[in-house]
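Written below as structure tokens is the structure these notes are about.
The values are calculated or read from the model by the stated rules, or taken from the named source; none is laboratory data. All of these numbers come straight from a predicted model, not from anything done at the bench. Glycine also receives a Cβ, built like all others from the backbone with ideal geometry; neighbour counts cover every protein chain displayed. Areas reflect the complete protein model, heavy atoms only, side chains present, ligands, DNA and RNA absent. Shrake-Rupley method; radii C 1.70, N 1.55, O 1.52, S 1.80 Å.
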Amino acid sequence: MPRLNRTESQERTRCQIIAAAVELFLRDGFRATSLGHVATEAGFTTGAVYSNFANKTELGIAAVDAIYERETDRAIARVADAVTESPDAWITSLSDWSASVLGDISIARLEIEINAFSAHDGTLRTANAARYARIRQHVAALLDRLESEAGLRLPMDKETLAIAAVGLALGIGIQRAADPALDKDVFGRILSHTATALTPAPHSDGVLSHG
């Protein structure tokens, strides 16, 4: 393998520390996991952790960011190939993803623990806001593809729809984490109902057969 330069080596170390933190935080909890535990799991010294993260809150933020990025990538990958098909195809893709992740108790617990642990840390609020903004950008980009590639006309602007979609997913996730008996397919059913508001754009050959 080619020798990594200093920057690449530092980035690899950071990624390995974050991966170890995600595994331990989800398995054992944020409060119960020390930075020393993370360092050992990642194969580094505690000093190496502190050279990449100023404190536990910063590492917790990076871990949650990594989880959200992973799940966002999964959702996008699932729906990417279905965008130009019927609404049923991409709704089914998103429904399958949502059923597998929304309400994951370990993820919900991690976010709650970090928010409680770092309640007075302004960095956390800023990081949370930035994370949700990135997710909305991904959703807006997907909606843009639905307009341009599938030939659909959205019932309102993409930014507003992105806020609603992210809010819906987060809200359902919180409720399902509290009550796992809540229907795991509810997100998909709401999407399916909402899709009836999609119409072909003028002069479009978009496929809209639904149901």
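Things worth noting here:
- Those helices (runs of 4 or more DSSP H) lying entirely in the range 97-184 with at least 3 residues out of contact with any Lys or Arg (no Cβ under 7 Å at 6 or more places or on another chain) and among the polar types (S, T, N, Q): 122-148
- Residue in the range 1-20 that is closer than 22 Å to Asn115 by Cα, of a type outside the set (Lys, Arg) and more than 22 Å from the chain's Cα centre (by Cα) present: no
- Among the residues of the range 55-77, those that are farther than 14 Å from Ala19 by Cα and of a type in the set (Lys, Arg) comprise Lys56, Arg74.
- Hits in the range 64-84 - residues which are over 24 Å from Ala108 (Cα atoms) and either under 9 Å from the mean Cα position of the chain (by Cα) or open to solvent by 40 Å² or more (accessible area, probe 1.4 Å) (or both): Asp81, Thr84
- Residue tally, condition open to solvent by less than 70 Å² (accessible area, probe 1.4 Å) and in contact with a helix residue (DSSP H, G or I) (Cβ under 7 Å, 6 or more places away or on another chain), over the range 85-98: 8
- Test: residue in the range 62-70 that is over 23 Å from Ala116 (Cβ atoms) and among the hydrophobic types (A, V, I, L, M, F, W, C): no
- Of the residues making up the range 105-144, those that are out of contact with any Pro (no Cβ under 9 Å at 6 or more places or on another chain), more than 15 Å from Glu69 (Cβ to Cβ) and either hydrophobic (A, V, I, L, M, F, W, C) or buried (at least 16 other Cβ atoms within 10 Å of the Cβ) (or both) number 15.
- Contact annotation: residue pairs with Cβ atoms under 7 Å, 6 or more positions apart or on different chains, pairing a residue in the range 90-118 that is closer than 15 Å to Asp28 by Cβ with a partner that is among the basic types (Lys, Arg), are Glu113/Arg31; Phe117/Arg31.
- Checking each residue in the range 156-167 for being open to solvent by less than 70 Å² (accessible area, probe 1.4 Å) and more than 13 Å from the chain's Cα centre (by Cα) picks out Lys158, Thr160, Leu161, Ala162, Ala164.
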